[in-house]
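A.B. asks: I'd like to ask some things about the structure below.
No value in this document is a laboratory result; all are computed from the given coordinates. In this text, all values refer to a predicted model and were calculated from it rather than measured experimentally. Positions of Cβ are backbone-derived with ideal geometry, glycine not excepted, and every protein chain shown enters the neighbour counts.
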Amino acid sequence: MYELIKTKDGSLTYRNTEVGATYRSLNGAESESRYVFFEGTQLKRWPTRWRVLELGFGTGLNFAVTCREALKAGVELEYVSLESTPMPRSLWLVEEPWKDLEFGSARRIGTVQLTLVDRRWQDFTPTEGCFDACFHDPFGPGPSPECWERDCFEWSYRGLTKQGVLATFGASSGARTAMKEAGFFVGSLKGAHIKREMTVASKSEQAIAEAWPWKRKR
Ligand SMILES: C[S@@+](CC[C@H](N)C(=O)[O-])C[C@H]1O[C@@H](n2cnc3c(N)ncnc32)[C@H](O)[C@@H]1O
């Protein structure tokens, strides 16, 4: 069910043969992760602590990339990730000690804390106004339509701080409309690798001022 693949930047991902999708881009798993989620949410704006809410832990690569960046920057990282269908932990693309965690409980190593919740986002309520970034990283609307609708973006809207930013590889007008309906300002950025666009969204227009505004008037 899980096929290991080496992507164009040398990093690894998996194909889920049951879903018929890869967890990251074949053009570069790690570079996509860094560009879309870490850079897209502009976590570096915050000098001492980064709080991340993720939809879709998958292989754990987004966590691994953010963890390395946090250690490099000398900031605390609090990372909460939702995963409806966890892969066997031996396959996760994270450093070994993280594989010991207990689902639903915070695992802390030094300045980094990971809470991996083995539930659907629909069955978990994030603490209100607590996250600087939301990594919106489910499968696409084909396999996971419920992750691209208004209710789902209301869920992330609830979790984010006023200046917090949601980032996603998704760029469909359906998803962007759902984000706007949830109350977000929505912006478009160039996508990773050969993709034309990706999307960022925030409660604050100013927080995504570097993005091309997408039907910004509400
Ligand atoms: C694109 S993959 C995530 C990739 C991952 N962030 C990484 O870096 O490898 C999408 C993940 O979302 C999960 N997912 C799909 N629907 C979900 C839901 N309703 N709630 C939580 N997770 C969901 C899937 O099981 C899958 O592991």
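A.B. asks: For the residue pair SER105 and LYS190, what label-to-label distance in nm results when each label sits 7 Å from Cα along the Cα-to-beta-carbon direction?
C.D. replies: 4.6 nm
A.B. asks: Over the alpha-carbon set of region 1-131, work out the extent along each principal axis and list the three values in angstrom, largest first.
C.D. replies: 38, 32, 26
A.B. asks: Suppose we keep just the alpha-carbon trace of region 62-146; what are its Rg and Dmax in angstrom?
C.D. replies: Spelled out, the Cα radius of gyration and Dmax of region 62-146 are 13.4, 39 Å.
A.B. asks: Only Cα pairs within less than 10 Å get springs; with that Gaussian network setup on the chain, which residue of GLY159, GLY183, GLY170 has the largest fluctuation?
C.D. replies: GLY183
A.B. asks: Continuing with this model, one more query. Enumerate the aspartates and glutamates that LYS180 could reach by cross-link, defined here as Cα to Cα under 13 Å, with residues fewer than 8 away along the same chain left out.
C.D. replies: Within the straight-line cut-off, LYS180 pairs with GLU149, ASP151, GLU154, GLU205.
A.B. asks: Can you give the calculated 222 nm mean residue ellipticity of the chain, where each DSSP H run of n ≥ 4 adds -39,500 (n - 2.57) and the sum is split over every residue, rounded to the nearest 500 deg cm²/dmol? Show your work: numbers first, answer last.
C.D. replies: Values: 4 runs with 36 residues, N = 218.
About -4500 deg cm²/dmol.
A.B. asks: Starting from the Cα of LYS195, draw a straight line to each of the aspartates and glutamates and keep only those under 14 Å, dropping any in the same chain fewer than 8 residues away.
C.D. replies: LYS195 reaches GLU32.
A.B. asks: Taking 0.36 nm per residue of separation and subtracting the Cα-Cα distance, what length does fully extending ASP9 through LEU71 add?
C.D. replies: Numbers: separation 62, 0.36 × 62 = 22.32 nm, distance 2.21 nm.
Once the chain is fully extended between ASP9 and LEU71, it gains 20.1 nm.
A.B. asks: Figure the gain on full extension for GLU149 and TRP212 (residue separation times 0.36 nm, minus the Cα-Cα span) and round it to one decimal in nm.
C.D. replies: Numbers: separation 63, 0.36 × 63 = 22.68 nm, distance 2.18 nm.
Residue separation times 0.36 nm, minus the Cα-Cα distance, leaves 20.5 nm.
A.B. asks: Take the alpha-carbon centre of region 79-123, take the same for region 170-218, and report the distance between them in whole Å.
C.D. replies: 28 Å
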